[in-house]
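Each reported figure results from applying straightforward, stated rules to the coordinates on display, with no laboratory input. Not measured: the values here are computed from a predicted model. Counting neighbours? That spans all protein chains shown, and the Cβs are built from the backbone with ideal geometry, glycine included.
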Amino acid sequence: TNRTFTMIKPDAVEAGHTGAIIKMIEEAGFRIVAIRKTQLTGERAGQFYAVHSERPFYSSLCTYMSSGAIVPMILEKENAVADFRKLIGATNPAQAEEGTIRKLYAKSLEANAIHGSDSDENAEIESNFFFAGTDQY
Ligand code: GTP
Ligand code: MG
């Protein structure tokens with residue numbers, strides 16, 4: 001068993017899809033280890049996506065990611081990182097497989113409903129970004 005990190009992004013929270021997305025996550029066999037609802041400042045969104053700071057879409061991404069509430073979560077399952085990336089589907093919803101969270105709920109390439117960590121190492125870093133210093137998990 002291992003862990004991944006996810007957050008439901010502002011477009012999906014605003015559209016009222018939080019519950020449906022959490023239901024899909026649980027039905028896919030993930031256990032919610034930690035969950036909260038918060039909003040990023042532009043600066044913190046920039047820190048979270050710092051790996052993309054040289055990309056042309058970085059400033060737009062930071063504005064979008066700080067535009068509304070998000071729901072970060074730590075999830076537990078065997079093979080969590082890879083299985084979760086499969087459940088959410090391709091970055092661009094137009095290319096996401098049928099039945100994936102992004103295919104069902106993403107609005108666009110940028111406003112794509114949900115994040116999923118891309119490695120065990122980043123899952124740990126991103127979990128700490130939102131949950132360090134809070135309750136034991
Ligand atoms: P995350 O799980 O959010 O990290 O998405 P990803 O790993 O599938 O994609 P990536 O890390 O490459 O990009 C991070 C986020 O930036 C994406 O989820 C989109 O919200 C946004 N993004 C990626 N590519 C583009 C792009 O070409 N244009 C715009 N406007 N946004 C993009
Ligand atoms: Mg990524």
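Brief remarks follow.
- When peptides 26-34, 121-129 are ranked by their average number of other Cβ atoms within 10 Å per residue, the highest-first order is 121-129, 26-34.
- In Å, descending, principal axis extents of the Cα set of the range 1-67: 36, 29, 19
- For G16, neighbours were defined as the other residues whose beta-carbon sits under 15 Å from its Cβ, and their charges (Lys and Arg +1, Asp and Glu -1) total +2.
- Net charge dipole, the range 72-125: roughly 360 debye, given to the nearest 20, about the Cα centre with Cβ charges of +1 for Lys and Arg and -1 for Asp and Glu.
- Seen from A113, the other residues with C-beta closer than 13 Å to its C-beta sum to a net charge of +1, counting Lys and Arg as +1 and Asp and Glu as -1.
- Over the chain, dividing the summed -39,500 (n - 2.57) contributions of all DSSP H runs of at least 4 residues by the number of residues returns a 222 nm mean residue ellipticity of -11000 deg cm²/dmol.
- Within the chain, all pairs of alpha-carbon atoms sorted by distance into 5 Å bins from zero give the percentages 2, 11, 21, 25, 24, 13, 4, 0.
- Placing +1 on each Lys and Arg Cβ and -1 on each Asp and Glu Cβ, with no other charges, gives the range 2-131 a dipole about its Cα centre of roughly 320 debye.
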